[in-house]
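Each reported figure results from applying straightforward, stated rules to the coordinates on display, with no laboratory input. Please read these numbers as outputs of a predicted model, since none were measured by experiment. For neighbour counting, all protein chains shown are included, and Cβ atoms are generated from backbone atoms with ideal geometry for every residue, glycine included.
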Amino acid sequence: MKQLYFLFALGTIGLTGCKDDALQEPQTPIDKVRLELTTHYDGVPFDLNTIHQTQEGYSVQFTKLNFILTNLKNGSEILSDAAVYKFENNPTLIWEGPGDFTKFSALTGNVGVGPDENHVDPAGLALTNPLNIQNAGDMHWGWNPGYIFLMVEGKADTTATQTGVFDMNFLYHVGMDPLLRDITFSNLTWTKVNDSLHSATLSLDMSKIFNGTNHNVDIKLERTSHTMPGQEPLSTKIIENFVEGLTGQ
């Protein structure tokens, strides 16, 4: 009997030792990458509480900036299927996840959601998917089966004497399949954050929303678009100006 007890105890010690050894084995960290954003207004640091000037001399203050990027990749190497950015949640973070930064010296993608994904039920997507309704939130139209690609809102003083009183609101909710736009970022610079994380930063000039190379937007005359019938030309101006303002650093 004593011999059996001795063998049982010895076996238990052996198993415990193996378990402890397994727990103490070093884990290889997963390589991750982070896509960040710096936002400015014609060179002036951008914030939702800052007052800026349009090309017409109107004072403007933004209250919302959201957008969706999809199909981010470099050739056949996929960085992320989707990223939902909301300035109010985290003004500097576009996306973070597993990846090898050495494979992404450049990126292509879309502003918006492609037709194949734009009309699926967002509640039926995996909870880990940025386009799930719990993650996308207000970036999906409840009345329309599709995502809002870009959301810019704010208020403005359009008075001739610039009294300092914001007399009107502006709102641009851009969506619908025809307004999907391509983006390209060349020569990305990746910075080491720690041994398992590298980051690259994009730049967004919010002044381009109103004053692009091909489109000017006078907010006193062009203050609102939900991309409803008849509003598509203004939404086209807004999203194309946004794409022009979003660049690599």
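Miscellaneous remarks
- Nearest 10 degrees, 0 to 90: helix 2-23 Cα axis against the chain principal axis: 20
- Rounded to the nearest 20 debye, dipole of segment 2-248 from Cβ charges on Lys, Arg, Asp, Glu: 400
- A cut-off of 5 Å between modelled amide H atoms, ignoring neighbours fewer than 5 places along the same chain, links Leu125 with Ile133.
- Placing unit charges on each Cβ (+1 for Lys and Arg, -1 for Asp and Glu) gives segment 92-228 a dipole about its Cα centre, and among Ser199, Gly175, Val165 the Cα reaching farthest toward its positive end belongs to Val165.
- Proxy reagent accessibility, fewest Cβ within 10 Å first, across Leu72, Leu197: Leu197, Leu72
- Panel note: the C-alpha atoms of the chain, placed on their principal axes, show extents of 100, 38, 37 Å (largest first).
- Full-extension gain in nm, Glu77 to His119, via 0.36 nm per residue minus C-alpha separation: 12.6 nm
- Note on Asn90 and Thr213: the extension gain reaches 41.4 nm, defined as 0.36 nm multiplied by sequence separation minus the Cα-Cα distance.
- Listed residue pairs exceeding 31 Å between alpha carbons, taken from Lys73/Lys192; Lys192/Lys237; Lys32/Lys155; Lys73/Lys220; Lys32/Lys86: Lys192/Lys237; Lys32/Lys155; Lys73/Lys220
- Packing, taken as the mean count of other beta carbons within 10 Å per residue, orders the peptides 44-54, 201-211 from highest to lowest as 201-211, 44-54.
- Segment Trp190-Leu221, extension gain: residue separation times 0.36 nm, minus the distance between their alpha carbons: 7.0 nm
- Mean sequence separation of contacting Cα pairs (under 8 Å, at least six apart), scaled by the length of the chain, corresponds to a relative contact order of 22 percent.
- DSSP-defined beta bridges in the chain - what % are antiparallel, rounded to 5: 80
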